[in-house]
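*Asks:* There's a structure below that I have some questions on.
The values are calculated or read from the model by the stated rules, or taken from the named source; none is laboratory data. Being a predicted model, the structure only gives us computed values, none of them experimental. Reconstructed Cβ throughout: ideal geometry from the backbone, glycine too, with neighbour counts over all protein chains shown. Just so you know, the surface numbers come from the protein's heavy atoms only, side chains and all, with ligands and any DNA or RNA stripped out. Shrake-Rupley method; radii C 1.70, N 1.55, O 1.52, S 1.80 Å.
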Amino acid sequence: MKKKVIISLSVVVLAVCLACVIYFNNKGTTYEMKVRIPAGSTEAFVCSDEEFSPAKDNVTLSCGQGLEETEVFFETVEVKEKNAYSNIKLTADKPVNTYIEKGGWFKISVAVQNPTDEDIEVGVIIDNVRAVRIE
């Protein structure tokens, strides 16, 4: 009887440890996507060279380096389902949580113009990123 209890408890502890490992390894990281705005750019939106894949079916966006307030949207690169993603209004003091297809690949576009003579770089911070690649 004692042996069965010890074996049962061992199995339960092992299952809980395994569930914790799976849960914590599935959690995405925070990444700052960089978007280079060319000198003299008057484009409505400028897209990142980097692509990201979310770890979950939602991400949290916030303003990063050089951004105070802007509109952003996801440009789909590789997805299973064709979803329409609306523009998201970002402000410096308020992160925005939004739906996105888990496992798909996306670029981020920002509504930033650059009237100067030099390229500038801005960042959008994305929480729950599984992977990043450069096109």
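*Asks:* Could you please find all residues in the range 38-84 being outside any strand (DSSP E or B) and under 11 Å from LYS107 (Cα atoms)?
*Replies:* The answer is SER48, ASP49.
*Asks:* Right, another one. Of all residues in the range 93-120, how many are under 16 Å from GLN65 (Cα atoms), outside any strand (DSSP E or B) and open to solvent by less than 100 Å² (accessible area, probe 1.4 Å)?
*Replies:* 4
*Asks:* Quick test of your reading of the structure: LEU90 fulfils all but one of (1) of a type in the set (A, V, I, L, M); (2) free of Cβ contacts under 8 Å to residues at least 40 places away in the same chain; (3) outside any strand (DSSP E or B). Name the failing condition by number.
*Replies:* (3)
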